[in-house]
2 protein chains.
Amino acid sequence: MPRQGDGDTPVELRGVGVFGKHQAFVVKEANPLNGGAPAQRLVAGALTPVDHFFVRNHGSIPRIDAAAHRLSVTGMVQRPLTLSLPDLRRQFPTVTVEAVLECAGNRRSELMALRPVPGELPWDAEAVGNAEWTGVPLAAVLAAAGVVPGALHAAFNGGDEVTKDGRRFGFGGSIPLAKATAPEVLLAFDMNGEPLRLEHGAPLRVVVPGYIGARSVKWVDEIVVSDRPSENYFQTKAYKMFPPAVTAATVDWASGKMLGEIPVNAAIADPADHAVVPAGRCVVRGYALSGAAPIVTVEVSADGGRRWQPASLQPRSSPWAWCLWDAALDLAPGAYELTVRARDARGATQPDDMAEAWNFKGYLNNARHRVRITVQS
Amino acid sequence: MPRQGDGDTPVELRGVGVFGKHQAFVVKEANPLNGGAPAQRLVAGALTPVDHFFVRNHGSIPRIDAAAHRLSVTGMVQRPLTLSLPDLRRQFPTVTVEAVLECAGNRRSELMALRPVPGELPWDAEAVGNAEWTGVPLAAVLAAAGVVPGALHAAFNGGDEVTKDGRRFGFGGSIPLAKATAPEVLLAFDMNGEPLRLEHGAPLRVVVPGYIGARSVKWVDEIVVSDRPSENYFQTKAYKMFPPAVTAATVDWASGKMLGEIPVNAAIADPADHAVVPAGRCVVRGYALSGAAPIVTVEVSADGGRRWQPASLQPRSSPWAWCLWDAALDLAPGAYELTVRARDARGATQPDDMAEAWNFKGYLNNARHRVRITVQS
């Protein structure tokens, strides 16, 4: 598969604006490129503009010649396929799904304030975004290949280049076949009605609504159907959950639980942490999401979690979209700790205590989000 | 629950236009009201206008006082609920799902041409429509009630009045709890962005994407969670599938298979049966759908099924929407039998022969749809 670039950050990615991100987009790491717009800016509307949408990479951003791009479908299939992008568009139906993607590392910075998480990115609450994805159902492509009985997983390999432990390979991961054949999972070529941009996986990416962002593999060029999960580093080692007591020194990597479905989470996007706001009516806004079931309630507290008040949930255009919410508080001058909690339709809630959510890789922090503000007269 | 009407067709339903249907809407039965617009008119756009959307009733159309309407949630729940419409809107999130609904009797008229189906409506291919439904996730309401372990089904009862075997009761049915808690299933109050109209279930109806229309109970006022399916006539007796050899005389009702998920189906909407069209390029258009998985291919034949040509599938805005398709044929003067076949991503296809689809109640006719046309020079 043709690639350009050598693993260095391409020059045109250094300058803000050149690759189409808003000036509010904050680069957390230049190479690989990682960044996002402050959460405060994300809740202005249900759809996250592409120029605000977070970018999470583990390797290079490949510049793929769309005309030469091929997707191979191999493994436990009756008819291995090699598909060009025109093949995909011609041979399969096109479907649009509005869905939120959340990085498993979203809100890691709060865990890092508790204990260091070496080598991982200090995401605040901005590694999340909600977009309209257009592509072909993965189920349709798997059907064309003819999945063999006994197959249990669909693995995706990306055309980027990750360097890890001295080896070079593409980012990858897998999802259970039951999810891979669900109607909402796409091989997407458009985002918010425009062709996918380079940093979001052009010309083709996986979109797995309800699962951690890492499974929505970008620049996908290979799908392998198997009776076991992907053997890619990012499935077998990274993106695994360990109990709070496990450390990098004591870890048995094989014992970790591979991450998949997103647990219920919620964050206060506005006001921002350490904001100073005028006394009186204070509208608190944020997002909530769950990969398992619809969010049913969001509550906010201005006293660190003793008394709670229900938030209003904004209408959603899709069962896979995030749930924006707002609540009006009446605040006298003083110092406040705002916090939020959500519950989904399966009854799942969030841990109160950050220590419960702790894991040494800093994944899936869904402890109650807290924001300290000062109210001035 | 307050109702008006006495089971007779309300006067205002007799006149076309009064109750908001297009003049193309054909009343197949006045009381109970049943009808639809010709399939040819349905494929003009992805969303079926409300004034074209089919209406399938078994009883009266109740005129429910929305302010007084209550939804009860009882049975195997920890906290039985009684919810007003403002309660529903206030306590639960609002979600929109674009989804096709298909009556289980769609395309029955073709079966009736083979053998009579006494007492059932002779639907052509018009008992299907695709709309944007807005409401609250049923999963959220069930979560609030707290489903008890061991529960397996959610039953719905409607506020209409059916007279059957000398008894009067509301239309009802049930779906498995696994479906009832899926994020796409709604208690809907809006259709295509407008409040539900009377004949479509105002003020509240169930919408079960992927299931036969009968499970999307209109005027819903009761949800009962249970370890068994609904005991309503329309779950235990009607809407059951029997093998082709079973007749009304030999039927053992208990042995029938309760209908649920919609099998793959496709119909030619344009040209209409017996149409006369000019020679040359003839664009054939129609719809395809499957409750199980995305439609992956649609093919048309102009020679009764010997040679097939792939149709173009229109983009869909939702995984639950129908799939509109079109194909251009080049036809010399003569008589033709056009036919269509579709396949979904689980590999499901349609029976070639109407006799395979035959069942004495005339449900789920998904044999290949055939349209006879005359091409003139």
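Tabulated values for the structure
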| read-out | value |
| --- | --- |
| Lone qualifier among B:ALA125, B:ALA214, B:ALA155 - being assigned to a loop (DSSP other than H, G, I, E, B), buried (at least 22 other Cβ atoms within 10 Å of the Cβ) and more than 14 Å from chain A (Cβ to nearest Cβ) | B:ALA125 |
| Pick from region B:79-118, criterion farther than 23 Å from B:HIS200 by Cα, in a loop (DSSP other than H, G, I, E, B) and of a type outside the set (D, E, K, R), ranking: nearest to the other protein chains (Cβ to nearest Cβ) | B:PRO80 |
| Matching option when the condition is without any contact (Cβ under 8 Å) to a residue 24 or more places away in the chain and not hydrophobic (A, V, I, L, M, F, W, C), among B:GLY129, B:GLY119 | B:GLY119 |
| So A:VAL277, is it farther than 29 Å from B:LEU177 by Cβ, at pLDDT 95 or above, in contact with a Pro (Cβ under 7 Å, 6 or more places away or on another chain) and more than 14 Å from chain B (Cβ to nearest Cβ) | yes |
| Condition check for A:GLY173: within 30 Å of A:GLN78 (Cβ to Cβ) and either among the aromatic types (Phe, Trp, Tyr) or not in a strand (DSSP E or B) (or both) | no |
| Of all residues making up region B:262-279, the number that are assigned to a strand (DSSP E or B) and not charged (D, E, K, R) | 8 |
| Flag if A:ALA140 is surrounded by fewer than 24 Cβ atoms within 10 Å (Cβ to Cβ), of a type in the set (A, V, I, L, M) and within 14 Å of chain B (Cβ to nearest Cβ) | no |
| Every pair of residues 6+ apart whose Cβ atoms lie under 7 Å, when the first sits in region B:298-321 and is modelled with pLDDT of 95 or more while the second is assigned to a loop (DSSP other than H, G, I, E, B) and of a type in the set (D, E, K, R) | B:SER301/B:ARG307; B:PRO319/A:GLU184; B:TRP320/B:GLU184 |
| When residues of region B:128-152 are limited to those that are in a strand (DSSP E or B) and of a type in the set (A, V, I, L, M, F, W, C), the one farthest from A:ALA321 (Cα to Cα) | B:VAL128 |
| Condition check for B:PHE189: touching a residue at least 24 places away in the same chain (Cβ under 8 Å), in a helix (DSSP H, G or I) and either within 14 Å of another protein chain (Cβ to nearest Cβ) or within 16 Å of the chain's Cα centre (by Cα) (or both) | no |
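A quick yes/no check of all residues on (1) within 14 Å of another protein chain (Cβ to nearest Cβ); (2) crowded, with 22+ Cβ neighbours inside 10 Å:
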| residue | (1), (2) |
| --- | --- |
| B:THR134 | yes, yes |
| B:VAL148 | yes, no |
| B:VAL206 | no, yes |
| B:GLY210 | yes, yes |
| B:LYS218 | no, yes |
| B:GLU222 | no, no |
| B:ASP227 | no, no |
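The values are calculated or read from the model by the stated rules, or taken from the named source; none is laboratory data. Predicted, not measured: the structure shown is a model, and the values here were computed from it. We place every Cβ from the backbone using ideal geometry, glycine too, and count neighbours over all the protein chains shown.
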